[in-house]
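The values are calculated or read from the model by the stated rules, or taken from the named source; none is laboratory data. In this text, all values refer to a predicted model and were calculated from it rather than measured experimentally. Backbone-built Cβ (ideal geometry, glycine too); neighbour counts: all protein chains shown.
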Amino acid sequence: MRHIYYAFRKALTMFLVSKGQHKSLNLQWSLMAAIMNSLDSRQFRTLYLANGEDVLNNGMYACAWYFSSILSQFRLIGCSHPTVESTVNDLERSGWKDLQGPPLPGAVLIWEEIQFPEDNEPHMHIGFSIGGTRAVSMNYLTGVPVEHDMTFNGTRELKRCLWHEHLRQRH
């Protein structure tokens, strides 16, 4: 996975040089801008199977799709995923490590499973730290990314916080 990241970095650097704009890329700031610019976007609500079924159910099950789509834009994971489980597997393969201490802006947050009243099934949840006690993730009721308290005002326990070393470096 590291080779994909370096190929992306090289291509971006070559593009910037060709435009006379060779400057270091701040990956953490760029990721944070993408996260904040995605708030209230309806873009991540649907993903259709060949038979026409929307596996994200108009955004109810879209947290992994949203989250992995943002990270894959920056080559911080391999690709977008429709499930939290497959996203977490990709994060681990892509070099994300458990972060000790308070979550940094851009860190990955994984919450405990809860049961949705709509289907009575347990669901994992994933999103981003934006610093302090704030987070951004998909709201399963509205189907859009929203900013919220990291513990959902004390109603949901944070299980893991992950960090990638590339977010600390300028590229």
Discussion item. What's the total number of residues in segment 140-171 that are part of a loop (DSSP other than H, G, I, E, B) and farther than 16 Å from Trp65 by Cα?
Written reply: 12
Fill in: Subset of segment 109-126 (residues that are modelled with pLDDT of 95 or more and either touching a Phe, Trp or Tyr at 6+ places or on another chain (Cβ under 6 Å) or more than 16 Å from Leu158 (Cα to Cα) (or both))
His125, Ile126
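Within segment 148-159, how many residues are out of contact with any Ser or Thr (no Cβ under 8 Å at 6 or more places or on another chain) and crowded, with 16+ Cβ neighbours inside 10 Å?
Of the residues in that region, 1 qualify.
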Discussion item. What's the total number of residues in segment 113-135 that are more than 20 Å from Gly101 (Cβ to Cβ) and in contact with a His (Cβ under 8 Å, 6 or more places away or on another chain)?
Written reply: 4
